Each structure stands twice: as C-alpha cells, then as structure tokens.
Amino acid sequence: MENKKILIITYYWPPAGGPGVQRWLKFVKYLPEFGWKPTVFIPENPSYPIIDETLEKDVPKNLEIIKTKIWEPYQLAEWFGKDNKKFKAGQFDVGGNQSWKSKISVWIRGNFFIPDARVFWVKPSVTFLKKYLKENHFDAFVTTGPPHSMHLIGLELKKEFPELKWIADFRDPWTEISYYQHLKLTKSADRKHRSLEQKVFEKADITLATSYTDAENFRKKGANAVCITNGYDVFPEQTIKSEDSGEKFVLSYIGVLEQLRNPEILWKVLGEMVQENTDFKNDFELRFVGKIDSKILEKIDSSALRNSVRNLGYLSHSEANLQMQASDVLMMTNFPNESSKGIIPGKIFEYLASGKEIISFGPKDSDVKKILMETHAGQHFSYDDSSMLKAFILEKYNDWKFGKLNVDTRDIVQFSRKNLTQKFSQIL
C-alpha cells in the first residue's frame, strides 16, 4: 500500500540549531515507518539565531524539501545591536536590565509584527503552496510554531483545501507563554494576537501540544488538542574524553538560559556551599553548555562561585549530548509563574536518556515534576526551596564522593522519538 502524504510547514530546519528544530526533524525521520511520506516546506534564506550544521546529517537523504524566499525585518533593526540579536533568539532583557533600545525593540516586535517578525513569509508562502497543493496530492499538512505566523499559513490553506487534515503544532503556547506579558502590547494588539490564536484553535483539525497542561488549556479554548511531548532519540556511540569526566562533581546546564528563567536560588545555595565546605569547593564544577545570558554570567562571576564555573559556550547537538554523559547532575529551569507549569523543556527527554540525576526549577506542581516523579529521574524545586535544595545537592555530592551516584530511571521508552511518531501517526 502506498504511503499517505503529509506536508510539514516549518521555519526551523537544519542548519538551524537549538530545540525548535528537533521535533519535526525526528518526526520526519520516523514517519515513513508508520505509513506517511513527509515533504518539508521551509524558507530559502532564513535568519537563524543559532546554527548547528551537524544536524544536517539527520535529514533523510530522500526527503523532498521545497523552499521560498523570506523577508525578515531584523536587517532594518541592526542599530538595536545585541538587544536585537537576543530577541531573534527568543531572549530579551527584563526589569532593570532593559536599555531604552531594548524597550523600543520589544514594543515594536509585539505591536507591529503580529504574531511575530516572520509574518512577512505568510502571503508568499500561501501563494506558492496553493499552486503546489493543486498540482500535488497530500492527505494532511502541519504548521509548527513558534513562530506562530506559520499557523496563519495554515488558516489560509484550510480555507482553500477544507478536505486536507490540518495539524497545528504548538511547541510553545502563543498568548499563554511567559514572555507574552513582557511584550508591552497595546489593547488592540493583544486583541489581534488572541483573535488569531482562537481562529487557529477553531479551524485546525488537530492541535498538538507538547505538555499535558497546554493541551488542557487549548481544549478550554475550543481546540481539538492532544499532547505529544518532545522526546529523545538514540545517543551517538561515543564517549567523552576521560579528562572531562570523573575528576569533578559536575552540575551542568545545557541549552539557552535567559533572565526570565534564572534560578538565582541555586546560585545562592551553591555559593554558600563552596564557602562552607572546602571539599565541595575543591570538587565542584558548574558547567554551562549553550547560550547563557551575559547578565547571569556577570552576576555569577562576581559571586563566590566564580572559580567553580566552566563555560563551554554553544556546542553542536551531538557534542552537547556528550557533555550530558560527562556530567553528574543535569539542571533545567522554567519560568517561576504558575501559568508556566505546562512548559516541558525539550532537553528533559535527552536528560532522561543520559541516565543522569536531574534537578529542575519551576512552578510547584508542574508537568516536569510529574515526569520526574514517574521516571524516578530526579527532583523538582520551586524557587524558594533553599534548605531542601541544599540538602539534595549535598546528598548527591556525598553519593558521588563514595561512588554511589546511580539513577534508577523507569518507563522512559515512552518518550523515544520513534514511539512518539507512532502515537502521532495513530492520531492522524
């Protein structure tokens, strides 16, 4: 029997780096095993904030990829300097850290480019895809955001091709995302964001969420929402160099860390521990792999932790996975507010696959906490649990010191990319 055909409309694709590219790169890899032949539609000349050329080897050799040109307004905003570059990467300064340029940049982005600065790709993509879909048979199509302007392409295509099944994939929420409240929106801009989001929920045949809470919230807004989390793929058959492993008690953060998710409680507790415990100070290393906000690094550098930090900067995805395996404890953070309890950072699944202890920060009863409890992979803390946090780190350090730091994870196979793709194909 011939495979059914599915079109995936995405902004992020290799050589883009970062978490946004992983989800559909892996779905595309496994979909043919479950009866679906994917075609991917991407911009020809995108402005990616992070590049990871090693991911290009994961793109299936026989995959059909179609492209059209995109115009992005970031080139007009070069005078915003590093503030603009941060914003492209989904980060920006908050509170007292905001310069006047940053404030203007955020205001323009939120009020003029709705839903985001890739909105100028919508019309040319719709024109191109209407012609393409008339000439080529497909059974379903996917739009994946952010950028949520991808869903506006979906809205127009669904009008033209009502028989095509449309899956709107929300890797992050739209108006419920934590930084939405920092966009300095006018009332009319806020109404427009919410109205467009509502139309997507109502018109899409299926709305995919990456967390249980997000799926529930989308259903409350009228979406036919299903949760398919992110996941892990197989780790490369490599091991880290011996000099990078075993000599220090290594707590690593891998990924992007911005000011809105900064676990200041952890820096405070670790600072106290290196001052109180000479053995801990000599054995401990705080390792960063990825893009860490410069203001966070400056603050740590002026604290008691400054001599315990090793910042490796951005590494390729495969190198970052090797660093996970060379760590003893892996740390992840979420936004502190209750509305963010449904965010499940994609890195948790690769953390799970690494078999290392996980320490997590975020709202009290979060989806991440649920996963850590189910899999016995680590512990979740809110942003005010300092005494429990200190006791937990000390316990793990002592286990490491006596060679007893082992994690007995359970049921993580449900989060393998292959199993998640099978679940997606069943939903289709």
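The values are calculated or read from the model by the stated rules, or taken from the named source; none is laboratory data. These numbers were taken from a predicted model, which means no experiment stands behind them. A quick note on method: Cβ atoms are made from the backbone with ideal geometry, for glycine too, and the neighbour counts reach across all protein chains shown.
Observations on the structure shown:
- Filtered residues of segment 357-366 (kept if at pLDDT below 95 and crowded, with 21+ Cβ neighbours inside 10 Å): Gly362, Pro363, Ser366
- Only one entry of Leu251, Leu270, Leu208, Leu286 meets the criterion of being buried (at least 17 other Cβ atoms within 10 Å of the Cβ) and in contact with a helix residue (DSSP H, G or I) (Cβ under 7 Å, 6 or more places away or on another chain), and that entry is Leu286.
- Matching residues, segment 132-148, being out of contact with any strand residue (DSSP E or B) (no Cβ under 9 Å at 6 or more places or on another chain) and either closer than 14 Å to Asp169 by Cβ or of a type in the set (A, V, I, L, M, F, W, C) (or both): Pro147
Yes or no, residue by residue, for (1) touching a His at 6+ places or on another chain (Cβ under 7 Å); (2) buried (at least 17 other Cβ atoms within 10 Å of the Cβ); (3) of a type in the set (S, T, N, Q):
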residue	(1), (2), (3)
Leu257	no, yes, no
Arg261	no, yes, no
Glu264	no, no, no
Gln275	no, no, yes
Lys281	no, no, no
Lys291	no, yes, no
Leu297	no, no, no
Asn321	no, yes, yes
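- Helices (runs of 4 or more DSSP H) (entirely within segment 243-351) containing at least 2 residues that are closer than 30 Å to Val226 by Cβ and either outside the structural domain of Phe392 (by TED's automatic domain parsing) or not hydrophobic (A, V, I, L, M, F, W, C) (or both): 317-325
- Filter result for the condition that a residue is part of a loop (DSSP other than H, G, I, E, B) and not assigned by TED's automatic domain parsing to the domain that holds Glu33, over Lys390, Lys404: Lys404
A quick yes/no check of all residues on (1) among the β-branched types (Val, Ile, Thr); (2) surrounded by fewer than 22 Cβ atoms within 10 Å (Cβ to Cβ); (3) in contact with a helix residue (DSSP H, G or I) (Cβ under 6 Å, 6 or more places away or on another chain):
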position: Trp121; (1), (2), (3): no, no, no
position: Phe128; (1), (2), (3): no, yes, no
position: Gly145; (1), (2), (3): no, no, yes
position: His151; (1), (2), (3): no, no, yes
position: Ala168; (1), (2), (3): no, no, yes
position: Tyr180; (1), (2), (3): no, yes, no
position: Leu183; (1), (2), (3): no, yes, yes
position: Ser188; (1), (2), (3): no, yes, no
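- Filtered by the rule that a residue be out of contact with any Phe, Trp or Tyr (no Cβ under 7 Å at 6 or more places or on another chain) and under 20 Å from Glu395 (Cα atoms), segment 249-265 gives Val250, Leu251, Ser252.
- Taking the criterion of being touching a residue at least 40 places away in the same chain (Cβ under 8 Å) and buried (at least 16 other Cβ atoms within 10 Å of the Cβ), the residues of segment 304-317 that qualify are Tyr314, His317.
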